[in-house]
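See below for the structure under consideration.
The values are calculated or read from the model by the stated rules, or taken from the named source; none is laboratory data. Here the structure is a predicted model, which is why all the values come from computation and not from measurement. Ideal geometry is used to build each Cβ from the backbone, glycine not excepted, and the neighbour counts take in all protein chains shown. Heavy atoms of the whole protein, side chains included, go into the accessibility calculation; ligands, DNA and RNA do not. Shrake-Rupley method; radii C 1.70, N 1.55, O 1.52, S 1.80 Å.
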Amino acid sequence: ESKRRPIQRALDELRGMKRELMDKVQDGPSSTPPWEPEWLTPVDRLSRSSTFEAAMSCVIAVNAAVVGLELDFDWTGWFFVESGFLLVYVFELFVRLRSHGVAFWCDKDTLLWNYLDAIIVAVGLVDLWIVPAAIRLQAEAHGTEARSEQGKPDCLSLLRLLRMFRLLRLVKLIKTIKPLYRQVLGISHSLMAMQWVMALTMLALYAWAILWTTLMGHGMIDIGTTAEAEEVQSAFGTVQRSMFSLFRLMNGDDAFLAGVFQSVELQVLFAGFMVISNWSILAILTSVVSNNMIESSARILEEEAEAIGVDEGMRRTRRLKALFKQIDIDRSGAISQDEWLQLLKDEGLTHELCDASGLDRRSIHELFACLAAERT
């Protein structure tokens, strides 16, 4: 009975595939590779190719390095280099639009990244080609007087703003590197959990700011010399200044109060604040971020494994359909006993069927026997 259940499930799957095959069977050989669906066009295969994704990752990495080199080295050839990268991005966007069609703008799983790609290409077109062309046309139309407009702040500000959008290509590079992408997703999920820790931090800083402003800013504790008193007053004279000064202390910046903590009262006050802020709040923040990143990374890995399993299942299905189509010589939509025996004589097809179905030779023979018995 334990062996019969998986065979029965496989039998149901085979029935569905054979019914679908009967509806789609075609005469004559197919030019499509055997394990790919026949509706895939060359553009579809290119967009799904791992080689294409790897090549685009290399282009993005090189472009990221060029963006930094442009700022350090003045060279007139950068325009042509950037234009080359832009042409590659336009080609990639065309391939993906041609492959996915309207789904490119609607797929919720890749919606953000698709729009990001479109924005990168659109901004690049405006930055490299449209704006310079418009400035040149305006200069030619208005003569020498208009040529000076290239130096006006409005045009320069627009060009600099558009060039800052090239940083979006670094974000695209993150998407192509899977381990880095998982880390970024983990951090983004951790930020949602950090909001309450940040609220606790602000509340603690506000409470301590009131205390320090009352004790030090308003002179309830003797500071010492006039210079030190003025320094303390500038740091803790108001609640707002006290919060900023305590935030600096919280992050280890105590140089602005050097020599102030001479009395026992100030030392106890400083030690209490550091224990609450550094030892407690920062420890809570670290634990929250670490736990959420671990949970997020595990969840992302599970989702990726599930997606890989779905893709593998679809690939196995396509392989089985192609095999059954090859085995079904008379195109009847069913495999006869003679066709099955002919299959078993072909070691290559038998091995391929075992690999596609995940069963051994004995199991597929039992499965066929079960299927044949039910058909009779």
| Which three extents, in whole angstrom, do the alpha-carbon atoms of segment 34-123 cover along their principal axes, largest first? | 51, 28, 18
| task | For V90, tell me the accessible area in Å² from a 1.4 Å probe, rounded to the nearest 10. | result | 50 Å²
| request: Consider all pairwise Cα distances in segment 163-243 and report the whole-number % of them above 17 Å. | output: 66 percent
| note | Taking 0.36 nm per residue of separation between L116 and A55 and subtracting their Cα-Cα distance, the length gained on full extension comes to 20.1 nm
| In nanometres, what is the gap between the two model label sites at A372 and I276, each 7 Å from Cα along Cα-to-Cβ? | 8.4 nm
| message | I'd like the FRET efficiency for L341 and E312, computed as 1/(1 + (r/R0)^6) with the beta carbon distance as r and R0 of 45 Å, rounded to 0.05. | response | 0.90
| How many angstrom lie between the C-alpha centres of segment 249-269 and segment 290-339? | 65 Å
| With every protein chain kept in the model, how would you rank I174, I284 by accessible area, 1.4 Å probe, largest at the top? | I284, I174
| note | Applied in sequence order to segment 187-198, the curve 6.51 cos²θ - 1.76 cosθ + 1.60 (Karplus, θ = phi - 60°) yields integer Hz couplings, x standing for Gly and Pro, of 5, 5, 5, 5, 4, 5, 7, 6, 4, 6, 5, 5
| task | Using a Förster distance of 30 angstrom, determine the FRET efficiency expected from the C-beta separation of V268 and A199, and round it to 0.05. | result | 0.65
| remark: Expressed in square angstrom to the nearest 10, the accessible area of I329 with a 1.4 Å probe stands at 120 Å²
| message | What number results when the radius of gyration of segment 221-304, computed over Cα atoms, is divided by 2.2 N^0.38 Å? | response | 1.60
